[in-house]
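**Q** My questions all concern the structure below.
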Amino acid sequence: MQAPTQDLTTSRPMIVTTTENIPEAQVVKTIGQVFGLTVRSRSLGGNIAAALKSLAGGEIRSYVKLNEDSRRQALDRMVQNAAAMGANAVTVMRFDSTEMGRSMSEIVAYGTARVVEWLPAPPNTSAQG
């Protein structure tokens, strides 16, 4: 006979960590690999402006924003996929990126989808009085 299950995905937000273990949590089930993917490109005007900026040197802010937004979208998609698999945590999360052609980049966030349970808090052992 199985113990009643509770919906672990709604009791806390999805935990995403680059480590294998989560402090104060116990892995109940490892579901498997999960990823989120996006492919982005800059507009022709953005590429020309970036090329001119690269001649002078310095940070190309439009590309920084594009990459930050792309990583955020890949991460959000990974979290959605993990939740759809029944996970409430993703461990060993990583990013990877690849250039596709001259103007496109693929960004992927990936990790291990897991179900974790939170361990009870240790009793307060401080002396009172």
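**Q** Say whether the condition of being under 14 Å from Ile31 (Cβ atoms), in contact with a Lys or Arg (Cβ under 8 Å, 6 or more places away or on another chain) and β-branched (Val, Ile, Thr) is met by at least one residue in the stretch 69-88.
**A** No, the stretch 69-88 contains no residue that is under 14 Å from Ile31 (Cβ atoms), in contact with a Lys or Arg (Cβ under 8 Å, 6 or more places away or on another chain) and β-branched (Val, Ile, Thr).
**Q** Which ones in the stretch 37-85 are touching a Leu at 6+ places or on another chain (Cβ under 9 Å) and modelled with pLDDT under 80?
**A** Arg42, Gly46
**Q** Within the stretch 1-36, how many residues turn out to be more than 30 Å from Met100 (Cβ to Cβ), among the aliphatic types (A, V, I, L, M), at pLDDT 90 or above and not in a strand (DSSP E or B)?
**A** Looking only at that region, the number is 1.
**Q** I'm told Asp69 meets every condition in (1) part of a strand (DSSP E or B); (2) exposed (fewer than 15 other Cβ atoms within 10 Å of the Cβ) except one. Can you identify the failing condition by its number?
**A** It fails just one condition, (1).
**Q** Output the residues belonging to the stretch 101-125 that are modelled with pLDDT of 85 or more and closer than 21 Å to Gln73 by Cα.
**A** Going through the stretch 101-125, the residues modelled with pLDDT of 85 or more turn out to be 104-120.
Within the stretch 101-125, Met104, Ser105, Glu106, Ile107, Val108, Ala109, Tyr110, Gly111, Thr112, Ala113, Arg114 meet the criteria.
**Q** Quick one: Gln128 ticks every box in (1) under 21 Å from Pro13 (Cα atoms); (2) at pLDDT below 95; (3) among the polar types (S, T, N, Q) bar one, so which box is it?
**A** (1)
**Q** Take the residues in the stretch 72-100 that are of a type outside the set (A, V, I, L, M, F, W, C) and part of a strand (DSSP E or B); name whichever of them is surrounded by the most Cβ atoms within 10 Å (Cβ to Cβ).
**A** Just the residues of the stretch 72-100 that are of a type outside the set (A, V, I, L, M, F, W, C), to begin with: 72-73, 76-77, 80-81, 86, 88, 91, 94, 96-99.
With the extra rule that they be part of a strand (DSSP E or B), the set shrinks to 91, 94, 96-99.
Details: Thr91: 21, Arg94: 10, Asp96: 12, Ser97: 15, Thr98: 10, Glu99: 9.
Across the stretch 72-100, the extreme among qualifying residues is Thr91.
The values are calculated or read from the model by the stated rules, or taken from the named source; none is laboratory data. Keep in mind it's a predicted model, so treat the numbers as computed, not measured. Cβ atoms come from the backbone with ideal geometry, glycine included; neighbour counts cover every protein chain shown.
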